[in-house]
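Below: one structure, written as structure tokens.
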Amino acid sequence: MIKSHVELRDAIDRAVAKTKITDVHTHLYNPKFGDMLLWGVDELVTYHYLIAEVFRHVDISYDDFWAMDKEGQSDLIWQKLFIENSPYSESCRGVLTVLNKLGLDVKKDGLREYREYFKSKTVEEYVDLVFEMSGVKDVIMTNDPFDEEERAVWLGGYERDDRFKAALRIDPLLNGGEEILKQLQGWGYDVIDQLDKKMYSEIRRFLTEWVERMDALYMAVSLPPTFEFPEDSMRARLIENCVLPVCRELNIPFAMMIGVKKLINPDLQLAGDSVGKSSIDTVEYLCANYPKNKFMVTMLVRENQHELSVAARKFRNLLVFGCWWFLNNPSLVEEMTRMRFELLGTSVVPQHSDARVLDQLIYKWEHSKRIIADVLYDKYKDILDTGWDLTQEDIQRDVDKLFGKSFWEFLDRDFK
């Protein structure tokens, strides 16, 4: 039995350090995808968060920046963000956390030493190291069958690594308009320009085949703040007649990541997206009118978080997950985590990494675990002070749920 606040803190820290994590949304790849798996210091420093940040400190043209090779871009970012300015933004701090955890000297004199370190590693041994250091046991990839490079891997005899699990990403289908139908036609699906029963059947066939080929744990899409359902649009019809029926039949969630405004500055390329407030009414409508479907939802704007947590109290077929993208900053992660724990207890996935570079698993989970442990301490302290009995086993049970078990139970799959 835990008797004091000191014992409580120690019990929480042990549980958080011990528990292996399921990272429910990343942009990572099994090494069998080759160069699609990004890793190493130059990928870390040229992450699109830092690219957006560096343009606040340089006067070169976008074209000149994109004309540089990777090392040139990386050197520029290092000079401007790490040497000429203190690197305390979350994106910069993350790079330093990775270098520190790898046992490298965090210096100001350039990237040469770090590059030599990564050249000495094979991707396979580095994957093993990152999973061990981050405490992550498995990640959910973002898998796009409309990407020709990725599609070729799946169709060419994909070699599975159980640490890398699949999610079927369908942004091109739902956000791409009629052009995507021509692509489906080219792959042998009998679709025409008219949305009718035959087309819906063929798109359901496409989705089912790819879920089964990937063994996808869920179907996912990134959506704009203007997303509404129901509405008179191709996207809404495809969701109603194709996505939701297949998800129901295969018993997988439909994951909606809502609130991204694409390319408000196209010159920044991947770094050019922004955010907008979305309507919770759409989420509530889907949960209420499709009770046999499961929905995973994360929203990109701070102002949506309270409504989303309240909605999850009302609909057990809704799982709230992660502090996505621009919300993955310590002050906001703490605020959101406190609110979610107070409203939803352990029936939430407090964080996912959204990692695009393998190394980011180290810093994103290092930073998030610290915040989650601090919030848990305050919540447990509150109930311990009432006279409620707490044990190490109670805390371990709860942390297991927060770091993976609640997700696997929502999927109706065994927690491993």
Can you run down the residue pairs with Cβ atoms below 7 Å, 6 or more apart or on separate chains, where the first is in the stretch 73-102 and closer than 9 Å to Tyr363 by Cβ and the partner is outside any loop (DSSP other than H, G, I, E, B) and polar (S, T, N, Q)? Gly94/Gln360
Among helices (runs of 4 or more DSSP H) completely within the stretch 316-416, the ones holding 1 or more residues that are surrounded by 22 or more Cβ atoms within 10 Å (Cβ to Cβ) and under 18 Å from the mean Cα position of the chain (by Cα) are 330-344, 360-384, 406-410
In the stretch 49-96, what residues are of a type in the set (D, E, K, R) and either outside any helix (DSSP H, G or I) or in contact with a helix residue (DSSP H, G or I) (Cβ under 7 Å, 6 or more places away or on another chain) (or both)? Glu53, Arg56, Asp59, Asp69, Lys70, Glu71, Lys80, Glu84, Glu90
Under 9 Å between Cβ atoms, which residue pairs at least 6 apart in sequence (or on different chains) link something in the stretch 404-415 that is acidic (Asp, Glu) and at pLDDT 95 or above with a partner that is buried (at least 18 other Cβ atoms within 10 Å of the Cβ) and in a helix (DSSP H, G or I)? Glu409/Lys401
Residue, farthest from Phe131 (Cα to Cα), within the stretch 159-193, restricted to residues that are β-branched (Val, Ile, Thr) and free of Cβ contacts under 8 Å to residues at least 24 places away in the same chain: Ile192
Screening Phe341, Phe315 for residues that are of a type in the set (Phe, Trp, Tyr) and farther than 28 Å from Gly94 by Cα leaves only Phe315
Which helices (runs of 4 or more DSSP H) sit wholly inside the stretch 109-193 and have at least 3 residues that are hydrophobic (A, V, I, L, M, F, W, C)? 123-134, 148-155, 179-186
Can we say Ser120 is at pLDDT 95 or above, in contact with an Asp or Glu (Cβ under 9 Å, 6 or more places away or on another chain) and surrounded by fewer than 18 Cβ atoms within 10 Å (Cβ to Cβ)? no
Examine the stretch 11-22 for a residue that is within 23 Å of the chain's Cα centre (by Cα), under 25 Å from Gly404 (Cα atoms), in a loop (DSSP other than H, G, I, E, B) and in contact (Cβ under 8 Å) with a residue 24 or more places away in the chain, and state whether such a residue exists. yes
Residue pairs qualifying under the 6 Å Cβ cut-off, at least six apart or on distinct chains, with the first in the stretch 249-267 being farther than 20 Å from Ile140 by Cα and the second being of a type in the set (Gly, Ala, Ser) and crowded, with 22+ Cβ neighbours inside 10 Å, are Gly259/Ser278; Val260/Ser222
Give me the residue from the stretch 181-201 that is surrounded by fewer than 20 Cβ atoms within 10 Å (Cβ to Cβ) and of a type in the set (A, V, I, L, M) and, out of that set, nearest to Ile239 (Cα to Cα). Leu195
Could you name every one of the helices (runs of 4 or more DSSP H) located completely within the stretch 205-299 that has at least 2 residues being among the β-branched types (Val, Ile, Thr)? 280-289
Has the stretch 71-85 got at least one residue that is modelled with pLDDT of 95 or more, in contact with a strand residue (DSSP E or B) (Cβ under 7 Å, 6 or more places away or on another chain) and within 22 Å of Arg356 (Cα to Cα)? no
Restricting attention to the stretch 392-406, which residues are farther than 16 Å from Phe341 by Cβ and in contact with a strand residue (DSSP E or B) (Cβ under 6 Å, 6 or more places away or on another chain)? Gly404
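The values are calculated or read from the model by the stated rules, or taken from the named source; none is laboratory data. Note that the structure is predicted; figures quoted are calculated from it, not measured. Neighbour counts are summed over all protein chains in view; Cβ atoms, including those assigned to glycine, are modelled from backbone coordinates with ideal geometry.
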